[in-house]
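Since the structure comes first, as structure tokens, the remarks are kept for the end.
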Amino acid sequence: MDRRAFLTAATAGLLLPPPATPAAAAVSSSRTLRADPFTLGVASGDPSSDGFVLWTRLAVDPLGGDGRGGMPARDVDVDWQVATDERFTKVVKSGTATARAGAAHSVHVELKGLEPGRDYFYRFRSQGRLSPAGRTRTTPQGETPLTFAVAACAHYEHGYYTAYRRLAEQEPDLVVFLGDYLYEYGPSGYTALAGRVRSHTPGKCRTLADYRLRHAQYKSDPDLQAAHAAAPWLVAFDDHEVENNWAGPVSSTGAAGFARRRAEAFRAYYENMPLRRASLQGAALKVNRRISWGTLARFHLLDTRQFRDDQACQDGVRAGCDDRLAAGRTLLGSGQWRWLESGLNDSTTRWNLLGQQIMVAHRDYKVGPGREVNLDSWDGYAAERTRLLESLARTSNPVVLTGDAHMHHLAELKTDFDDPDAPVVARELVASSIASDGDGYRDRTWISEALQENPHISYIDQRRGYLMARLTRDELSVEFRTLDYISRRGARARTAHRLTIPAEAGDAAARRAAAAPRAG
Ligand SMILES: [Fe+2]
């Protein structure tokens, strides 16, 4: 059975003979649940060379109004199995985890001791019910090629998740998700041009129960479940997992009680994502981390929300904001900045992929003389961006992966965007949205004006989609995938644009030496 057949069968529940191991068979409770608790699917994430995180969350009634998914107020045992074959005849690990009522009956199993660079299959069992099965993968040793998808921004009301389905069908080794996994707005709180195809749960998310319920609604979607079941994910949040355009401790609305709201949104995010336990740190959530794909690539995942200074000049897209250039402004915060810089400096992999949320490339939104910039993006933190780009200039084959924009972009990153002769230090690949902003379009006049204003940007596409990339020792080839519509189900995905970035000759040390300032 190939992976696609596996996915189809797994999501249809066809591959599930009862677990046969003693550990799995031993677990049961005299009390049983009245319905299938595996309505939110399964997921895996943060692979290492010998393991990964497995996730599920029990909910017999996902849209039960209190965010508890219709589950009883008691802990429930959940068996898990990991096998090397999709029929689970070769189970290599199994055990029992506790889905705690206090954690919305979520389960995070962190595995170790597996073999590097191979597929594994996993599933859960509880109360006599079996979950769908998922496929995941450990990272390899050496320079084994990698196929990975990049996705972001999936507003549930704006359209169906066909892009998730198409991404799953392409069977990547890894999915990098760069934020706006869900949106906090109440029904029609943020509408797409073409209206909505379905409705958010009632009310804007403000409390733990609200966020839990919203996560459950999103996770109930079968196309999203298929994307999680297809591959391990690396996830990082942006703003909407909490609130539009929040910044560090500051709510964009100035409303009181934001610290508590943020902590509750983080908690719900952790409960619903395949993240390691170490990411939840009291009221904070640590998502900046590194994942190595053998010696081929290192992913540096950033958090551009939690530690940033407030947006300059009251945020928005505007002209004439000198504060955005202030030397002391920070987007990453000093701790994360030091962590990133040392991680870039000591990286020995051939490629270095920065996974982060907002556009790094300068983007002038004003056609003609003068400029207007988005103060929520790196343009609002220009001095730190320059330092970042100077760091990337000393890094082996850096590529920046970005979400947020709801349009595909391909940009060349330079330490001086106003100088046409400034050297390109990295490429930025911006993934359009899975669903946010509804059916896409292609406004050729608008695009050609935007490209003219921003000569370092060579491609923009306003349709929905995702990126599919193939990375080898010698090159990164990227497909910008688009869908013609999402207001109805069933759109095909196509490659609207393709790009190959050759690896630079020489190793990291050579690049560092070449980029070092020359004496005299
Ligand atoms: Fe978004």
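The values are calculated or read from the model by the stated rules, or taken from the named source; none is laboratory data. What you see is a predicted model; the values in this text were computed from it and never measured. Please note: Cβ atoms are built from the backbone with ideal geometry, for glycine as well, and neighbour counts cover all protein chains shown. Calculation scope for accessible area: heavy atoms of the full protein, side chains included, ligands and nucleic acids excluded. Shrake-Rupley method; radii C 1.70, N 1.55, O 1.52, S 1.80 Å.
Each row is one residue, and each column tells you yes or no for (1) in contact (Cβ under 8 Å) with a residue 60 or more places away in the chain; (2) more than 13 Å from the chain's Cα centre (by Cα); (3) at positive phi; (4) open to solvent by less than 10 Å² (accessible area, probe 1.4 Å).
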{"position": "M273", "(1), (2), (3), (4)": "yes, no, no, yes"}
{"position": "R277", "(1), (2), (3), (4)": "yes, yes, no, no"}
{"position": "R290", "(1), (2), (3), (4)": "no, yes, no, no"}
{"position": "T295", "(1), (2), (3), (4)": "yes, yes, no, no"}
{"position": "F299", "(1), (2), (3), (4)": "yes, no, no, yes"}
{"position": "L302", "(1), (2), (3), (4)": "yes, no, no, yes"}
{"position": "R305", "(1), (2), (3), (4)": "yes, yes, no, yes"}
{"position": "D309", "(1), (2), (3), (4)": "yes, yes, no, no"}
{"position": "C313", "(1), (2), (3), (4)": "yes, yes, yes, no"}
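If you take the residues in region 224-245 that are outside any helix (DSSP H, G or I) and within 12 Å of the chain's Cα centre (by Cα), which one is nearest to the ligand (Cβ to nearest atom)? Only one residue tops the list, namely D238. Only one of the listed residues (S436, S396) is within 20 Å of D180 (Cα to Cα), assigned to a loop (DSSP other than H, G, I, E, B) and open to solvent by less than 10 Å² (accessible area, probe 1.4 Å). That residue is S436. Of all residues in region 157-214, which are touching a strand residue (DSSP E or B) at 6+ places or on another chain (Cβ under 9 Å), at negative phi, part of a loop (DSSP other than H, G, I, E, B) and among the charged types (D, E, K, R)? Listed by number, the list holds a single entry, D173. Taking V478, is it buried (at least 22 other Cβ atoms within 10 Å of the Cβ) and away from the ligand (no atom under 16 Å from the Cβ)? Yes: the conditions hold for V478. Note on region 357-393: among residues that are open to solvent by 10 Å² or more (accessible area, probe 1.4 Å) and within 15 Å of the ligand (Cβ to nearest atom), the one that is farthest from the chain's Cα centre (by Cα) is N374.
Would you check if there is a residue in region 410-421 being more than 16 Å from the ligand (Cβ to nearest atom), basic (K, R) and under 19 Å from G343 (Cβ atoms)? Full working, then the answer.
In the first step, residues of region 410-421 are kept if they are more than 16 Å from the ligand (Cβ to nearest atom); the result is 410-421.
From what is left, the residues that are basic (K, R) are 414.
Remaining after also requiring under 19 Å from G343 (Cβ atoms): none.
There is no residue in region 410-421 that is more than 16 Å from the ligand (Cβ to nearest atom), basic (K, R) and under 19 Å from G343 (Cβ atoms).
If T330 satisfies every condition in (1) in a loop (DSSP other than H, G, I, E, B); (2) open to solvent by 60 Å² or more (accessible area, probe 1.4 Å); (3) more than 30 Å from L451 (Cβ to Cβ) but one, which is the exception? Result: T330 fails condition (2) only.
When you check G179 against the structure, is it closer than 14 Å to S433 by Cβ, within 16 Å of the ligand (Cβ to nearest atom) and not hydroxyl-bearing (S, T, Y), yes or no? Steps first, answer last, please.
Details: closer than 14 Å to S433 by Cβ: yes; within 16 Å of the ligand (Cβ to nearest atom): yes; not hydroxyl-bearing (S, T, Y): yes.
Here the answer is yes, as G179 does meet what is asked.
Which one is nearest to L285 (Cα to Cα), of the residues in region 301-327 that are outside any loop (DSSP other than H, G, I, E, B) and basic (K, R)?
It comes out as R324.
Q217 falls short on exactly one of the conditions (1) under 30 Å from C313 (Cα atoms); (2) in a helix (DSSP H, G or I); (3) not acidic (D, E), and that condition is (1).
Here L54 clears all of (1) open to solvent by 30 Å² or more (accessible area, probe 1.4 Å); (2) at pLDDT 95 or above except the condition numbered (1). Every listed requirement among (1) surrounded by 20 or more Cβ atoms within 10 Å (Cβ to Cβ); (2) of a type in the set (V, I, T); (3) more than 16 Å from the ligand (Cβ to nearest atom) is met by V430 save one, (3). Looking at P517, is it open to solvent by 40 Å² or more (accessible area, probe 1.4 Å) and modelled with pLDDT under 95? So P517 passes the test.
Restricting attention to region 142-174 and to residues that are within 14 Å of the ligand (Cβ to nearest atom), within 17 Å of A226 (Cβ to Cβ) and of a type outside the set (A, V, I, L, M), the residue that is most open to solvent (accessible area, probe 1.4 Å) turns out to be Y156.
Here are the criteria: (1) crowded, with 22+ Cβ neighbours inside 10 Å; (2) at pLDDT 95 or above. Tell me which single one G70 does not satisfy. Against the list (1) crowded, with 22+ Cβ neighbours inside 10 Å; (2) at pLDDT 95 or above, G70 comes up short only on (1).
Within region 426-433, identify whether any single residue is free of Cβ contacts under 8 Å to residues at least 40 places away in the same chain and part of a loop (DSSP other than H, G, I, E, B), and answer yes or no. Looking for residues that are free of Cβ contacts under 8 Å to residues at least 40 places away in the same chain and part of a loop (DSSP other than H, G, I, E, B), one finds none in region 426-433, hence no.
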